[in-house]
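First up is the structure itself, then whatever we jot down about it.
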Amino acid sequence: MSRLRSIGITAVAAMVGFIPAKTLLAADLLEPVKIVMSAAGWKDKDAPKVEASGYFDDRLLATIYSASFVDIYRLAEKKDALQDSSGYMLGYDVVIGGQDSCELKDVRIEARPARDGVTPVNVYFDAVSCFGHAPDLSRPQTVFHVVEEDGRYVIDNLWNDSDREGALESSVKAQFAAMIKAYLDFRLTGSWPKD
């Protein structure tokens, strides 16, 4: 019996080794947002070290996003695989808010007061000065909605610079959902929906 218990403990310890300890429990409200910003290229001394192939790699989907976000993302991923497998589903960087960006500078992450179980987290950064543009650091470039789920903080939605926080329809989560719906409508009717 103790040999089986020992093997079980060893197996759990090995599995935990594949996920950074900070992301496993995400007890800090800002931690999931910091992880995404690190994956976006934030290299400051306060940026966590993240080993991820992108914002939505399997390890991050399992640890820092809400179940509903993951469900919608997985459906969008399936639609992408059925259509063209580009992996760049919305055609732009959903965190930075564009197709091209500079190395992130002047990153500032601030939580706003929670409302109805959702904490908006504003992220300010410069991703355009290398192109000769002056960033507007008085307004957040990206806004995340963080919720508590299963005893940990997770990202439930986000808005980027091109679609400031506001109506649900302009969020990244809603854009993934709309993409799925448009594809299903196309498969059902044989024509793409009119804009």
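Throughout, read-outs are computed from the coordinates displayed, never taken from laboratory work. Since we're looking at a predicted model, the values are computed, not measured. Using ideal geometry, Cβ is built from the backbone for each residue, glycine included, and neighbour counts are taken over all protein chains shown.
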Karplus-derived 3J(HN,Hα), 6.51/-1.76/1.60, for each residue of the range 50-67, Hz, glycine and proline x: 10, 9, 8, 8, x, 4, 10, 6, 4, 5, 6, 4, 7, 10, 10, 10, 5, 4
Loop-resident sites, the range 45-97, for trypsin sites (Lys or Arg not before Pro), counting at most 15 other Cβ within 10 Å (DSSP): Lys45, Lys49
Per-residue HN-Hα couplings for the range 89-106 [Karplus 6.51, -1.76, 1.60; θ = phi - 60°; Hz; x = Gly/Pro]: 4, 9, x, 7, 6, 6, 8, 6, x, x, 8, 10, 8, 8, 4, 5, 9, 6
Linear extension gain, Phe186 paired with Ala67, 0.36 nm per residue minus alpha-carbon span: 40.2 nm
Peptides 60-67, 31-38 ordered by average Cβ neighbours within 10 Å, highest first: 31-38, 60-67
Per-peptide average of other Cβ atoms within 10 Å, ordering 94-104, 129-139 highest first: 94-104, 129-139
Reciprocal of mean inverse Cα separation for the range 29-99 (Kirkwood radius, Å): 13.1 Å
Cross-link partners of Lys45 among lysines (Cα-Cα below 24 Å; sequence separation of 8 or more within a chain): Lys22, Lys34, Lys105
Distant-in-sequence amide H partners of Asn157 (H built 1.01 Å from N, under 5 Å): His145
Net lengthening on full extension, Cys130/Asp44 (0.36 nm per residue, minus Cα-Cα): 29.2 nm
Estimated inter-spin distance, Ser138 and Ala114, nm [label 7 Å along Cα→Cβ]: 3.2 nm
